[in-house]
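Novice: Below is one structure. I have some questions about it.
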Amino acid sequence: MRKTGLALVVLMAGLAVTGCVPLLVGGAAAVVADEVVEQDRGGDGLF
């Protein structure tokens, strides 16, 4: 029973991390786009 519980915890953690990856990638892309606009046009950038 203990191995089954541990396997479930690992599975749930994996699913949680997988679900957050698009948010992290999207956030990183927004930060990079903001930096590019700041360097290109000056000022405050997009945000």
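Derivation of every value follows stated rules applied to the coordinates shown; laboratory data play no part. Note that the coordinates shown come from a computational prediction; the quantities given were computed from them, not determined experimentally. Neighbour counts are summed over all protein chains in view; Cβ atoms, including those assigned to glycine, are modelled from backbone coordinates with ideal geometry.
Novice: Hey, rough spin-label estimate for ALA30 and LYS3, points 7 angstrom out along Cα→Cβ, what's it come to in nanometres?
Specialist: My value for the distance between the label points is 4.4 nm.
Novice: Among (1) 4.9; (2) 3.7; (3) 4.2, which one is mean projected area of the Cα convex hull in nm² computed from these coordinates?
Specialist: (2)
Novice: Further question on the same structure: Would you mind getting me the FRET efficiency between ALA13 and LEU46? Use the beta-carbon distance for r and R0 = 25 Å, nearest 0.05.
Specialist: 0.15
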